[in-house]
């Protein structure tokens, strides 16, 4: 069991990163110019401008952000996303006073969140538009084992049930609307994947 949020950190501090992997990591550094002719990168580090010479330059600025469904009510307060470990404490704080939480998406993130919410004693409704959870990983027979375990641990499964909207009261989410019905909730956690930040 993870006791502290910092225990979820994937990478060690820059000094250890350099020692273990022989890679120098510059944090809080913003590259603002690249001189391709002289093979120099210019960066702002605090109040200083620093230049770095390079032989080969790889630009890897890609990132991703959680997907929110383009449906009515998607921007209501109480609809939450989670992508990185350091966001977990904020999510926990958000759901602390909630009684019923909907999780939209039956992939890895959705299942992890559902488990964490049940451990907090929340009523959990898990919505997946496909016939079974982890649809890109397992076939239906294997997924059945996971379904049984989820149900055994108190997760209310809603499979083959597409979320088509949300309703709210005073700007805060209060209902999940699917093709099959409406469900009262206090919070919603989106776990339907990520998309590149430039989209």
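The values are calculated or read from the model by the stated rules, or taken from the named source; none is laboratory data. All values derive from a computational prediction rather than experimental measurement. All Cβ positions, glycine included, derive from the backbone under ideal geometry; neighbour counts span all protein chains shown.
Below are the figures for this structure:
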quantity: Number of positions in the range 1-47 that are modelled with pLDDT under 80 and not in a helix (DSSP H, G or I); calculated: 9
quantity: Residue in the range 99-110 that is over 17 Å from the mean Cα position of the chain (by Cα), surrounded by fewer than 16 Cβ atoms within 10 Å (Cβ to Cβ) and assigned to a loop (DSSP other than H, G, I, E, B) present; calculated: yes
quantity: Selected residue (criterion: surrounded by the most Cβ atoms within 10 Å (Cβ to Cβ)) from residues of the range 111-122 that are within 13 Å of residue 189 (Cβ to Cβ) and more than 16 Å from the chain's Cα centre (by Cα); calculated: 122
quantity: Residues that are assigned to a loop (DSSP other than H, G, I, E, B) and loosely packed, with under 11 Cβ neighbours inside 10 Å, drawn from the range 132-170; calculated: 136, 139, 170
quantity: Some residue of the range 63-81 being exposed (fewer than 10 other Cβ atoms within 10 Å of the Cβ), assigned by TED's automatic domain parsing to the domain that holds residue 94 and without any contact (Cβ under 8 Å) to a residue 60 or more places away in the chain; calculated: yes
